[in-house]
Amino acid sequence: MAIVISGKEVSAKVRADVKKECDELKAKGIAPGLAVIIVGDDPASRVYVNNKKKACADVGFVSEEYALPAETTQEELMALIDKLNSRPEINGILCQLPLPKHLDEKAVINAISPIKDVDAFHPSNVGRIMIGDYHFLPCTPAGVMELIHYAGIDVSGKSCVVIGRSNIVGKPMAMLLMHENGTVTVCHTKTKNTAELCRSADIIIASVGRPKFLTADMVKEGAVVIDVGINRDENGKLCGDVDYEPVAAKASYITPVPGGVGPMTIAMLMKNTLMAAKIQNGLA
Ligand code: NAP
């Protein structure tokens, strides 16, 4: 039976470390600040933004929320980002995605100053990750790496399969595993033999967005299985991309949903915001 890597436990540790460093910064007169922009009234986005605000309060950051109406224009949104870019007490800026259809997400990502881009979505930060010279890592893949490190799993020389190639999870995930000397295969909808590739993997990262996609017959005995998915099953119950019980019976390590990668994403956002505050105050 697999050892369960608890994201609740690891994220609590990351947040406690951030809080400690935040207290030290405050003693020097620096209060890290995060601005969170939400446009429209998507209920899932609202939950994410509330959780981010609460996490900021818990670690001692100042947070500002900008809840804009769904009909906000591109110009209005860009003007707000410009203003936040120029305010020294705001160290991190994030705009909750997805945005309403009439807004240009790419332009918004490009407008956030790379040094305040705590989601690490700006092309300049993406490029820096590619060459292994970065300040910020995208929160979800960084959270996965934190779980892997915490469990004492050595990626070097391992055969890794990442299922999914999105810009926010799959692609940077593959890059981070490669930086740690994993041999990485990325699967997507055009991959012909995903099951076979998974069966030969030492480490599988499931970031597909399909309930219980990774079944036990796709996993070799003793593999490490990390489940990034957040889905609802046929009964409306929260579940990951992994068919948990049967896969846990074969894997050496596994992450649950909920309580696995999910809590890590916000913890890593706090870590990035702390880093942004340190950089902008000449301390990193
Ligand atoms: P996404 O943008 O929809 O990407 C899904 C990826 O999976 C795509 O690359 C897609 O391939 C691939 N895929 C879909 N069906 C497949 C199949 N049958 N075989 C192989 N590959 C397949 O999703 P995402 O944003 O990366 O998120 C993935 C999951 O992680 C979602 O459940 C999301 O809710 C969750 N998530 C969790 C967190 C967290 O904090 N835990 C954060 C972000 C996302 P194509 O490129 O060919 O379409």
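The values are calculated or read from the model by the stated rules, or taken from the named source; none is laboratory data. Note that the structure is a prediction, hence the values are computed from the model and not measured. With ideal geometry, Cβ positions are generated from the backbone for all residues, glycine too; neighbour counts draw on all protein chains shown. Accessible surface is based on the protein model in full, side chains and every heavy atom, while ligands, DNA and RNA are left aside. Shrake-Rupley method; radii C 1.70, N 1.55, O 1.52, S 1.80 Å.
Quick notes on this structure:
- Share of carbon and sulfur in the accessible heavy-atom surface of the stretch 1-62 [1.4 Å probe, %]: 57
- Sorting 259-270, 220-231, 148-159 by average packing, meaning the other beta carbons within 10 Å per residue, from highest down gives 259-270, 220-231, 148-159.
- Accessible area (Å², per residue) of the stretch 104-263, counting only protein heavy atoms and a probe of 1.4 Å: 44
- Prolate/oblate/rounded call for the stretch 38-99, Cα gyration tensor, a/c under 1.5 rounded: oblate
- In units of the compact-protein estimate 2.2 N^0.38 Å, the stretch 18-72 shows a Cα radius of gyration of 1.33.
- Angle in degrees between helix 139-150 and the longest Cα principal axis of the chain, rounded to the nearest 10: 50
- Based on DSSP H segments of at least four residues, each scored -39500 (n - 2.57), the chain has a per-residue ellipticity at 222 nm of -13000 deg cm²/dmol.
- Using the Cβ-Cβ distance between Lys192 and Glu9 with R0 set to 30 Å, the FRET efficiency works out to roughly 0.20.
- Total formal charge among the other residues, if their Cβ is under 13 angstrom from that of Lys158, Lys/Arg +1 and Asp/Glu -1: -2
- Crossing angle, helix 261-280 versus the chain [Cα axis fit, 0-90 degrees, rounded to tens]: 40
- Gaussian network model of the chain, Cα within-10 Å springs - most flexible of Leu25, Leu80, Leu177: Leu80
- Under 29 Å, Cα to Cα: Lys pairs in the stretch 126-284, sequence gap 8 or more or different chains: 28
- Reciprocal mean inverse distance between Cα atoms of the chain - Kirkwood radius, Å: 19.5
- Comparing Ala111, Ala44, Ala248 in a Gaussian network model of the chain where C-alpha atoms under 10 Å apart are linked, the largest mean-square fluctuation is found at Ala44.
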